[in-house]
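Pasting in a structure now, in structure tokens, and then I'll have a few things to ask.
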């Protein structure tokens, strides 16, 4: 039977079980949009192609399935690139379909022609250019397989306009079976011996656990070994925040107890993490006295940054299940880690009538269930969410880790809502980030998507201001956002309900109203521009050399708006906690 290339694409997406596609039409991809009229799945028209890519990313993170986005040639395709790069750096499964000019025009600088393959080559797992419709069965099958298998990632399929218009005889394409690699028994025995001999082991959890659906295996490992555990930003929720052995997030804005544990451990078991610079601080002093067991599916990550003692390549759940055992000689170490956890527990007793963002986020986590998705933008609020929202499931937390993409939160929350319609989908954003993709408020209104937005407004680019305060001698450069629009009025202009609060005594009732609202809503929250994120590992320092915003070394919390002034002395290690 003959079908057009465009009709085949729609049929293939349906066969792949695609539920929703995020996109924006244009000239070169118009044949595909014509075929979409009869598609059995939903297409969501975002108001910018970047929004489409980030929504597909959010859908993939929340669901564990491949996210799909599409755009036309030229600026349509280039506007997808940030979202594609975001997915690449966080290993998110995505298929991006772009229209290209007709094949006879490729290479002639035709209208809206760009070399999409060349532009995206560094930020995709693989990409394809299709000039003949008969190539589509093989290419699309390969694209979905590559996006989801092994270490996931984005795959781009660039399709010439005539390949969508022309018809071809469909010939079924069969993919090879994907076989999971299993670590060898001899390597596992060596790893078990290291673990049995360790006096101060730490489990270091990374985002690969979530991507490989190995969360339950990790939880069993922690329950059996009772090993102190730390998480990267992308692994929050793998071990529930309520678990006694969970010490928190490690790294630049990690907890003191997590960073101290890694600094002092004699064995570090790294599972699905990549020793990112934001997690390790000064690499030479990261777990400097520890043996390292590194479990990962991607051999390229082994010894890329940190030399390992033993590497276990392959299925994480299988390796962990064969590695786990009760650990009988680490009681003193557990007690030390738990004592640090108690000593450095978060405090939420900020004085004054103003709203303290960490306390608000902690309250929010107590009011939401384990299915709620929290989508963050990038900045101080992102770190406050990571520190103070107590995640119990990993796919609750949607955040741009590797790329740090401002404007991620709102489109990602839209994708999450389509992935899990029955769950709350909440955006936590800042007054800088929200302006990056604020046009997607129109998407909320058009489709009646009940996403809730908590917008922290300090009228500055908060994280940049914090670094300029601490490390650039308070020479503030281009961080002033005091001319922000009135965000409640902006939301209302889009047809979105909105509310403003600026006092601590308003928070609880406002959050209750936000969660109870059946439609989309924006909660505009005024906070102090002087508030900083603590702890903070200064650039070039080891994670144990944290600044904490204390006024001197007397243990008093610096919550009076002056926190950080004394911490500047900490660059020499003298005032580092």
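What follows is calculated from the coordinates using simple rules that are stated; it is not laboratory data. Everything numeric in this text was worked out from a predicted model, so none of it was measured. Ideal geometry is used to build each Cβ from the backbone, glycine not excepted, and the neighbour counts take in all protein chains shown.
Starting from the Cα of residue 169, step 7 Å along the direction of its Cβ; do the same at residue 121; then give the gap between the two resulting points in nm.
Reported label-point gap for residue 169 and residue 121 is 3.6 nm.
Give the calculated FRET efficiency between residue 473 and residue 213 to the nearest 0.05, with a Förster radius of 56 Å applied to their Cβ-Cβ distance.
0.70
What is the gain in length, in nm to one decimal, between residue 346 and residue 528 on full extension, counting 0.36 nm per residue of separation less the C-alpha to C-alpha distance?
Net length gain for the segment: 63.6 nm.
As a test of understanding, state the convex hull volume per residue of segment 185-343 from its alpha carbons, in Å³.
94
Additional query: If each of residue 138 and residue 493 carries a label point 7 Å out from its Cα toward its Cβ, how far apart are those two points in nm?
Calculated label separation equals 5.2 nm.
Find the eigenvalues of the gyration tensor of the Cα atoms of segment 357-526, then list the square roots of 5 times those eigenvalues as equivalent ellipsoid semi-axes, largest first, in whole angstrom.
Each semi-axis is √(5λ); the values are 24, 18, 16 Å.
Hey, another quick one. To check you understand DSSP bridge types, tell me what percent of the beta bridges within the chain (both residues inside) are antiparallel, rounded to 5. Kindly include the intermediate steps, with their values, before the conclusion.
Values: 6 of 73 bridges.
Once the DSSP bridges in the chain are tallied, antiparallel ones form about 10 percent.
Follow-up question, since we're still on this one. If we count other beta carbons within 10 Å of each Cβ, what is the order of 426, 527, fewest first?
Lowest count first: 527, 426.
What whole-number distance in Å separates the alpha-carbon centres of segment 5-24 and segment 43-107?
After rounding, the separation between the Cα centres reads 13 Å.
Something else about it: Any idea what angle helix 357-367 forms with the longest principal axis of the chain, computed on alpha-carbon atoms, 0 to 90 degrees, nearest 10?
Computed tilt is about 70 degrees.
Starting from the Cα of residue 512, step 7 Å along the direction of its Cβ; do the same at residue 241; then give the gap between the two resulting points in nm.
2.1
Would you mind calculating the relative contact order of segment 424-493 from Cα pairs under 8 angstrom and at least 6 residues apart, reporting the percent as a whole number?
34
Once the Cα atoms of helix 75-89 and of the chain are each reduced to a long axis, what angle between those two axes, in degrees from 0 to 90 to the nearest 10, is obtained?
That works out to roughly 40 degrees.
Further, regarding this structure: Between residue 108 and residue 145, what length in nm is gained on full extension when 0.36 nm per residue of separation is reduced by their alpha carbon distance?
Details: separation 37, 0.36 × 37 = 13.32 nm, distance 3.25 nm.
Here the answer is 10.1 nm.
I would also like to ask the following. Taking the 0 to 90 degree range and rounding to the nearest ten, how far is the long axis of helix 507-516 tilted relative to the main principal axis of the chain, both from C-alpha atoms?
For helix 507-516, the angle is close to 30 degrees.
Something else: Of (i) 1.06; (ii) 0.99; (iii) 0.95, which one was derived for Rg/Rh (Cα atoms, Kirkwood Rh) from the structure shown?
Only one listed value fits the structure, namely (ii).
Quick one: order 541, 417 by neighbouring beta-carbon count within 10 Å, fewest to most.
541, 417
Fully extended, how many nm does the chain gain between residue 298 and residue 278 (0.36 nm per residue separation, minus their Cα-Cα distance)?
That works out to 5.2 nm of additional length.
Sorted from fewest to most neighbouring beta carbons within 10 Å, what does the list 344, 373 look like?
Exposure proxy ranking, most exposed first: 344, 373.
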